[in-house]
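**Student:** Just passing along the structure, written as structure tokens.
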Amino acid sequence: MLMLGREVTTPLTLMHATKEKRQCSDAPGYVGELVERMEKAHTCARQHLQQQQQRQKRDYDAKLFEKQYIRGDMVYEINSNRKAGISKKLAPVWRGPFVIEEVISPILLRVADRKGSRVVHHDRLKPCHDRLIPFWLRRKRNSILKSGCADGVNADRFIQPEGSTDMKYCICQGPDDGRMVITCDYCDSWYHCHCLAITPEEAQQMDIFICPNCKDK
């Protein structure tokens, strides 16, 4: 009863008769003995439960990998949905990419895609390091970073360096922050590489760069 929450099927010798019989003079004595035995059983169960919890935590922490995400990071989410008629072995393991819209806590994050946003646990995400990023995701990420700067979030990414001018660059309309920028070959406008999710290695390998505004024309 204590372990399963229901009566279990046991041998008849345990259910009906035993060789050792406890002698109780009256009903109160029997009740007191029964309460004492139940307290001992519950105490033993709590001790074993605590030991098992410590063991499970030790095994879990041995493989723990915690990634610190910030607003604007691109991530993948593990795909736990199963569609009818499609084998789970053939279904994609990860879905996305998504962009982190808000960091609620170290383990809860709000991710956004084209359709909307939702709260996801940290353990269901992994960083996205794709070389080819969809244009809608770049625009969504830039919008999140721009709104974050207006709210004071990640504002240090757009602090104007000492001695620089007041000229505004990029789609974020931020100043030159000293990090790598790239020039559009059509309109000669300057853009921050981190706003467009372009790594320095990718920028060096590009022969021609077309900014998002020129692509829409």
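**Student:** For each pair in 57/115; 67/215; 67/88; 89/215; 57/146, compute the distance between the two Cα atoms and list the pairs where it is over 32 Å. Kindly include the intermediate steps, with their values, before the conclusion.
**Tutor:** Working: 57/115 37 Å; 67/215 34 Å; 67/88 27 Å; 89/215 39 Å; 57/146 40 Å.
Check vs 32 Å cut-off fails for 57/115; 67/215; 89/215; 57/146.
**Student:** Also: Decide, for region 25-92, between rounded, prolate and oblate: order the square roots of the alpha carbon gyration tensor eigenvalues as a ≥ b ≥ c, take rounded if a/c falls under 1.5, and otherwise choose prolate if a/b is larger than b/c, else oblate. Provide the component values of the computation, followed by the final result.
**Tutor:** Values: a/c = 4.51, a/b = 2.42, b/c = 1.86.
Verdict is prolate for region 25-92.
**Student:** Still on this structure, please answer the following. In whole Hz, with x marking every Gly and Pro, tabulate ³J(HN,Hα) for region 193-198 from phi via Karplus 6.51 cos²θ - 1.76 cosθ + 1.60, θ = phi - 60°.
**Tutor:** Each residue's phi maps through the Karplus curve to give 5, 6, 6, 9, 6, 10 Hz.
**Student:** Given the Cα-Cα distance of residue 94 and residue 214 and 0.36 nm per residue of separation, how much length would full extension add, in nm?
**Tutor:** Stretched fully, the residue 94-residue 214 segment lengthens by 40.0 nm.
Since every read-out is calculated from the coordinates, none of them should be taken as a lab result. As the structure is a computational prediction, the values presented were derived from the model and not from experiment.
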